[in-house]
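Participant: Mind having a look at this structure? Questions to follow.
Just so you know, all these numbers are worked out from the coordinates, no wet-lab data involved. Computed from a prediction, not measured in an experiment: that's the story for all the values here. Don't worry about glycine lacking a Cβ; one is built from the backbone with ideal geometry, like all the others, and counts go over all protein chains shown.
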Amino acid sequence: MPVAGQILRIGPTGLVIVPDGSGAWPAAGAIETEWNDLQRQRDRRSEPRIPLPMFLPNTTSPSPLRDLSAYGLRYALLPGERTPAVGSAIEGDLRLDADTVIAVRGRVVRCMGREVAIALDPPGLSSDLVEALRRRFLAPLQ
């Protein structure tokens, strides 16, 4: 979203830009849409996550997945794997174990160290699938 102005303040939650009057400023509707998208992202983070064990049931090799929810997942990069760019699209099948494969489609929202967070495209994972994954992967740990 192009803007022209002067940065008035930078803080932990964003920055304040004062328009310079050159006309390069988004319309009120575009600002409202962006604000609503940001609110949805905050809501996504508050969704309960399913922490996944390092070794999923019936496997001997470690899983790169750290956790998942209906709206996102987090995984560790494999040795030699390049860090994807924030904002880049991710799409494909994710094998959780020999019996479980889920379709993943979303965008990289965060890279911290060797971990990558993906926000799934709407509608995300169905609540039935999330509950089945919770039972499958958390029940054996309890």
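Participant: If you add up the charges near residue 26, with Lys and Arg at +1 and Asp and Glu at -1, over every other residue whose beta carbon is less than 12 angstrom from its beta carbon, what do you get?
Facilitator: Values: positive: none; negative: 32, 34.
Combined, the nearby Lys, Arg, Asp and Glu give -2.
Participant: What spacing in nm lies between the two simple spin-label points modelled at residue 114 and residue 136, each 7 Å away from Cα in the Cβ direction?
Facilitator: My value for the distance between the label points is 2.6 nm.
Participant: Go through 111, 96, 65 and say which Cα lies farthest out towards the positive end of the charge dipole of region 50-141; charges sit on Cβ, +1 for Lys and Arg, -1 for Asp and Glu.
Facilitator: The residue sitting farthest along the positive end of the dipole is 111.
Participant: Quick one: net charge around residue 89, please, counting Lys, Arg +1 and Asp, Glu -1 for every other residue with C-beta under 13 Å from its C-beta.
Facilitator: 0
Participant: Go ahead and collect, in residue order, the members of region 63-94 whose backbone nitrogen is under 16 Å from a label point 7 Å along the Cα-Cβ direction of residue 37.
Facilitator: Counting only backbone N, you get 86-90.
Participant: Using amide H atoms built in the peptide plane, which far-off residues or other-chain residues are under 5 Å from residue 52 H to H?
Facilitator: 67, 68
Participant: How high is the relative contact order of region 50-141, in percent, counting Cα pairs under 8 Å that sit 6 or more residues apart?
Facilitator: Value for region 50-141: 28 percent.
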